[in-house]
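For reference, the structure is listed below as structure tokens.
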Amino acid sequence: MNGPKIYFTIPLLGGIDITQTTVSSFVVMVLLCTAAVVLGGNLQKRPGRRQVLVEKGVTMLYDMVESTMGKHNSYWTPYIGALFLSSICGSFIGMTGIFRSSTADLSTTFTWALMTSFLCWGCSIKRNGVGGWLKGFTEPIVVMTPMNLVSEIAQPISMAFRHFGNIVAGGVISTLVYAALAAANHGLISLLAGWLPGAVGSALNGILGGIPFLQVGIPAVLSVYFDLFSSFMQAFIFCMLTMMYLSLIHI
């Protein structure tokens, strides 16, 4: 809730902060690269279970990209897959209790959104030239130029804040609910102990005071939604928006 902690600063270019997000992102990158090498190596003509599952996942990813962007844009599949896995693993890593979710940092999601925007601009320039790209901001009529410029700037901002906001909101809500349940648990035990005679009530408070009755179950349910379902959905939505924006350039 206080933002990523800064571990240390590299004295280069005015100081480069190495934060919890930096470490989490690096760990996710190493894990994904290792998984790619392990799962993508030693492929057989008669595949085993592991290879069948990997090929099924890759096929599903290509089918999703081709159904959204068209078969002529299937070469974007590795980029979309990297975004999806980086997003979902970046969110899941926060469940370890050791690392902070990299997607809970605006710098992460904003970087991904800018990458998509730069790709869109670069592809548009490659296809239409710089003049054609700039002319596109004046369409359908010149008076729409300011609105088109605002829309182009708002695109990466809205993508970044949507993903970041949902992940952070889930963490904040879970933390507040957990704290509220802890307070309610303490109040309930104190109330029960207050109904009993002094020595008995104090003993009961001492025995039951450390047992989190109300903190068992509800936080787990919230975690299933915010840490699993919401993380998956935000990764999926982010990739769908990315494909939509890229497909507009490659109609």
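The figures follow:
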quantity: Test for M95: is it assigned to a helix (DSSP H, G or I), modelled with pLDDT under 90 and open to solvent by 70 Å² or more (accessible area, probe 1.4 Å); calculated: yes
quantity: Filtered residues of region 139-184 (kept if open to solvent by less than 80 Å² (accessible area, probe 1.4 Å), within 25 Å of F232 (Cβ to Cβ) and either of a type in the set (A, V, I, L, M) or touching a Gly at 6+ places or on another chain (Cβ under 9 Å) (or both)); calculated: I157, M159, A160, I167, V168, A169, G171, V172, I173, V177
quantity: Of all residues in region 23-62 being part of a loop (DSSP other than H, G, I, E, B) and either among the polar types (S, T, N, Q) or modelled with pLDDT of 90 or more (or both), the one that is surrounded by the fewest Cβ atoms within 10 Å (Cβ to Cβ); calculated: Q44
quantity: Test for L134: is it under 23 Å from A36 (Cα atoms), open to solvent by 70 Å² or more (accessible area, probe 1.4 Å) and either part of a helix (DSSP H, G or I) or hydrophobic (A, V, I, L, M, F, W, C) (or both); calculated: no
quantity: For S87: the one exception among (1) under 21 Å from the mean Cα position of the chain (by Cα); (2) among the hydroxyl-bearing types (S, T, Y); (3) over 27 Å from F110 (Cα atoms); calculated: (3)
quantity: Near pairs, Cβ below 7 angstrom, 6+ apart or cross-chain, from region 226-241 (open to solvent by less than 20 Å² (accessible area, probe 1.4 Å)) to any residue that is modelled with pLDDT under 80; calculated: S230/G170
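Rundown of residues vs (1) at pLDDT 75 or above; (2) closer than 28 Å to T111 by Cβ, yes/no style:
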residue: M147; (1), (2): yes, yes
residue: L181; (1), (2): no, no
residue: I189; (1), (2): no, no
residue: L192; (1), (2): no, no
residue: Q215; (1), (2): no, no
residue: F232; (1), (2): yes, yes
residue: S247; (1), (2): yes, yes
residue: I251; (1), (2): no, yes
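The values are calculated or read from the model by the stated rules, or taken from the named source; none is laboratory data. From a predicted model like this one, the values you see are computed outputs, not experimental measurements. Neighbour counts run over all protein chains shown; Cβ positions are idealised from the backbone, glycine included. Heads up: the accessible areas ignore ligands, DNA and RNA and are worked out on the full protein's heavy atoms, side chains in. Shrake-Rupley method; radii C 1.70, N 1.55, O 1.52, S 1.80 Å.
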